[in-house]
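Reviewing the structure listed below.
Derivation of every value follows stated rules applied to the coordinates shown; laboratory data play no part. Nothing here was measured: the structure is a model prediction, and the numbers come from that model. Here the Cβ is made from the backbone with ideal geometry for all residues, glycine too, and neighbour counts use every protein chain on show.
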Amino acid sequence: MQEKYNHLDVERDAQTHWTAGNAYRVEDRANPKKPKGKYYACSMLPYPSGKLHMGHVRNYTINDMLTRYLRMKGYNVLMPMGWDAFGLPAENAAMKNGVPPAQWTYDNIAYMKKQMQAMGLAIDWSREVATCDPSYYKWNQWLFLKMLEKGIAYRKTQVVNWDPVDQTVLANEQVIDGKGWRTGAVVEKREIPGYYLKITDYAEELLNSVSNKLPGWPERVKLMQENWIGKSEGVRFAFTHDIRDASGQLIGDGKMYVFTTRADTIMGVTFCAVAPEHPLALHAAVANPKVAAFIEDCKSGGTTEAELATQEKKGERTGLFVTHPLTGEPVEVWVGNYVLMSYGDGAVMGVPAHDERDFEFAKKYGLPIKQVTDVKGQNYSLEAWADWYGDKQQGVAINSGKYDGLAYKPAVDAVAADLAAKGLGEKKTTWRLRDWGVSRQRYWGTPIPIIHCEEHGAVPVPEKDLPVVLPQDCVPDGSGNPLHKHEGFHAGVVCPVCGKPGRRETDTMDTFVDSSWYFMRYCDPKNDDKMVAEGANYWMPMDQYIGGIEHAILHLLYARFWTKVMRDLDLVKVDEPFTKLLTQGMVLNDIYSRKGEKGGVEYFWPNEVEDIHDDSGKVTGARLKEAKGELPAGTLIAYEGVGTMSKSKNNGVDPQDLIEKYGADTARLYTMFTAPPEATLEWNDAGVEGSYRFLRRVWNFGVKLSAMNSGAGGAHFTAAGGSFDKETRALRLEIHTVLKQVDYDYQRMQYNTVVSGGMKLLNALENFKPAESGASVAALREGFGILLRCIYPATPHLAHALWQDLGYAAEHGDLLDAPWPEVDASALQQDEIELMLQINGKLRGSVTVSATADKAAIEAAALASEAFIKQAAGSAAKKVIVVPGRLVNIVV
């Protein structure tokens, strides 16, 4: 074997070995060599942005460690990989670089795949999928048509962000301060037709399953899912009115409906607010220029609930009034920018005393605030909302007439009953969850399989004509969706009903569609005839899913919904796709910046600066090491602290550079050792060096071991026999004690302590001085074989090389499928144990006794110890306290 550790040679040879043996190819069936059955472990598929980042390295190493460990434990383990290849970044790159998104995407996939292979990941590449491949998105289209048949998919108008210069729809994240991210044009709200999926039909099941069928999910993710689904039980009721349209007809049949979970506060209504698109607002705008201007202004605002929650609350009087359903008093109607037409009935009752949003609005416009709930011991003022806030469960109604003195629930029941008696309201359950709009007015996505006919409207594409293939030669230029102008995309298209010329739908599907079922396709990646088949029956549900907390809501929710739809269409047999979920922490690094003369911010790489510390050692700033551009060496640079690694902030670490300098095993080991998988990881170059030094120590010990006379022990895992000297027994005790803990840590996926265990094993082996006996050397070889298997999932290349070079593979096969080491119970049995010795509660030494010694024998040994005799100075012991297995305390 090589005398010195050369990571380039070691990793190249290991990967060549695995590739030649097709080591990671997995079959969709029970394998007698894998008696524990199947285990499906999957990381969230990446977007092919160009290069892996350290967050990828961490995510995939977690998955890889789990895969390798379970394979050694006797499981048939699947670890696949694919590419979330559609989406807006490819279009942005196309506009910037002048290349088709397809070319940019496939080039990035090739490079990132090469990086993954360099990491030595145990991926079954025969199952690779790319969501931009027609063989994949054909099934997006097929299932969409099935949903259309079942009424789960439907078409309706939707409010979108429209850039009037680029003539295109913008995602919410592309609207910055009400303007288009690229053109700077004021964004308009427009209503255009689009397709929706009835996820709301599954709301109850999606909610119930969170608590009943997701025991392996983090509690915070389950809470996020529950909050997003947002079940609310309340009362829907109407404010009556006599407001008529131009034809004299009552608008909304003379009723303006609202929904509230706080019907107990109905007597505190001092105004109502409607959405800018509400019929009453549009009616008021006809005669009121201020209202018309305000509604026009609102068109440049956000279109989501999350955006409206954070923006300034604004409104305009309509001059209209509705009637309070219980008091008969007139209530003023406002148009509010914080009311969404798509939520509920597009109108809210304003109770500023008991709703933070209404309070903010009332304070801004000087509207009345009437307290109608009181919490004992709480004083109220008009200075701040915090002074009004009270737990509804503790409050009782006041200033509410017949409802005074009622607690929350009785008050709600009483109000609901009175409204029902008047025919104006009823109890109702509502949901925060809204149907999923899947239409995107962009090019790089799955074409929606619809043909538009002048006579028959929107007609589904026949199944036999799937997939509707997306042209790959388009280069977006910012002038709208290029599919509108692509002659080949529309050429020869006829209506499936009448055969007359038609035109394809140019909207494409939301990319969340692509990622909602890719994990199922991994199970049947090459099946041209079915979306999924027997492979999914074998592998699903997934046993362990791994990904970032940023995907804790929409991706997981849509994947759960998609699975339930597939189940109801008899495609799969599972209710939930993911049994266990791990959300790994972010990788952080230092951020250094400098504000330029024109106000722009320039970021600097950590290796370009040297830190400036205060007296306590805290970093307060930095200075340039060398001149950069017009900035001379020594220029002061601001230190922003640590943050998520980002290309834009120049604080990322290129995994390729790290692999070339230190090796993939070092990168893997460092990301696993530095923090638990769920915690954030702060990058530290010294820590990377430390990981590399550890691997060199392991290699050097292997070289040392290969030179020893191993005739007595050979390549055997166990040091059979039992004729061990005291030092050898102590070594085996430590080795098997650490092994027991490492195995436990693997089971709970605490990989940082797994690596710590490997370091403890190496320390024990290095500190051991073997005797001349073969049994002593065999114990050393046994310990090193255990060490290699313990660190193998984290550092597979190095462990593989040493396993081969030291002869372990000759007797026990490839390390990939070697059995996981078993704890030898006999090694944990001790002839003697050491107990701490305390005198009057202070530690004074230790006493060694037989492992089988009883209380009397322990007391006798303690009283006879040199430490006691010296400390007691002739005084008799008053009391001896024995804590079994731990200590002896003598009271003098």
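Find which of I546, I881, A825 sits farthest along the positive direction of the dipole of the chain, computed with +1 on the beta-carbon of Lys and Arg, -1 on that of Asp and Glu, about the Cα centre.
I881
Per 0.36 nm of contour for each residue apart, how much would the distance between K855 and Q2 grow if the chain were fully extended, relative to their Cα-Cα spacing?
301.6 nm is the gain from fully extending K855 to Q2.
Any chance you could run the full-extension gain for S706 through E205? It's 0.36 nm times the residue separation minus the Cα-Cα distance, nm to one decimal.
Stretched out fully, the S706 to E205 stretch lengthens by 174.3 nm.
Step through the residues of the range 504-511 one at a time and calculate ³J(HN,Hα) from phi using the Karplus curve (6.51 cos²θ - 1.76 cosθ + 1.60, θ = phi - 60°), rounding each to whole Hz and writing x for Gly and Pro.
After applying 6.51 cos²θ - 1.76 cosθ + 1.60, I find 5, 5, 9, 5, 10, 7, 3, 5 Hz.
I want to check the label-to-label distance for N767 and D685. Put each point 7 Å from Cα in the C-beta direction and report it in nm to one decimal.
Each label point is offset 7 Å from its Cα along the Cβ direction, giving 3.3 nm.
Calculate the spin-label point distance for V286 paired with K36, positioning each point 7 Å from the Cα along the beta-carbon direction, and give it in nanometres.
7.2 nm
Quote the charge dipole size of the range 231-431 about the Cα centre in Debye, to the nearest 20; the model charges only the Cβ of Lys and Arg (+1) and of Asp and Glu (-1).
Around 220 debye, computed over the range 231-431.
For the chain, what are the DSSP H helices with axial Cα length of 18 Å or more and mean Kyte-Doolittle hydropathy of at least 1.0?
Once both thresholds are applied, what remains is 774-791.
Hey, quick one: spin label on T848, modelled 7 Å out along Cα-Cβ, who in the range 862-892 has an amide N within reach, i.e. under 15 Å?
Once the point is set 7 Å along Cα→Cβ of T848, 862, 865-867 turn out to lie under 15 Å by backbone N, inside the range 862-892.
Could you size up the charge dipole of the chain around its Cα centre, putting +1 on the beta carbon of Lys and Arg and -1 on that of Asp and Glu, and report it in debye to the nearest 20?
With Lys and Arg at +1 and Asp and Glu at -1, about 1200 debye.
Whose amide H sits under 5 Å from the amide H of Q838, counting only residues 5 or more places off or on another chain, with H placed in the peptide plane?
Correct list: R844, V888, N889, I890.
Take W605, project a point 7 Å from its Cα along the Cβ direction, then tell me which residues of the range 630-649 have their backbone nitrogen under 12 Å from it.
Answer for this model: none.
Over 28 Å between Cα atoms, which of K38/K564; K189/K364; K113/K222; K96/K500; K231/K313; K113/K526 qualify?
Table pairs above 28 Å Cα-Cα are K113/K222; K96/K500.
Length gain on complete extension for the stretch E219 to E660, per 0.36 nm per residue less the alpha carbon to alpha carbon distance?
Going from the current span to full extension adds 154.8 nm.
Got a sec to turn the phi values of the range 468-481 into Karplus ³J(HN,Hα) couplings, 6.51 cos²θ - 1.76 cosθ + 1.60 with θ = phi - 60°, whole Hz, x for Gly and Pro?
Whole-Hz 3J(HN,Hα) from phi for the range 468-481: 7, 7, 7, x, 9, 9, 7, 10, x, 10, x, 9, x, 5.
Work out the FRET efficiency for D814 and S648 from their Cβ-Cβ distance, taking R0 = 60 Å, and round it to the nearest 0.05.
0.85
What does the helix-only formula give at 222 nm for the chain: each DSSP H stretch with n ≥ 4 adding -39500 (n - 2.57), the total divided by the residues, and the result rounded to the nearest 500 deg cm²/dmol?
-10500 deg cm²/dmol
Report the FRET efficiency, 1/(1 + (r/R0)^6), for E329 and T183, where r is their Cβ-Cβ distance and R0 is 51 Å, rounded to 0.05.
Result of the calculation: an efficiency of 0.55.
How would you rank 422-435, 102-115, 789-802, highest first, on the average number of other Cβ atoms within 10 Å across their residues?
Ranking, from highest mean packing down: 789-802, 102-115, 422-435.
Which distance in nm do the two modelled labels at A864 and V469 give, with both placed 7 Å along the Cα-to-Cβ direction?
Modelled inter-label distance: 9.2 nm.
Of the options A41, P193, H613, report the single residue whose Cα projects farthest towards the positive end of the charge dipole of the chain (beta-carbon charges: Lys, Arg +1; Asp, Glu -1).
The residue sitting most towards the positive pole is A41.
Within the range 346-374, name every residue whose backbone N is under 13 Å away from a label modeled 7 Å from Cα of A421 along the Cβ vector.
Answer for the range 346-374: none.
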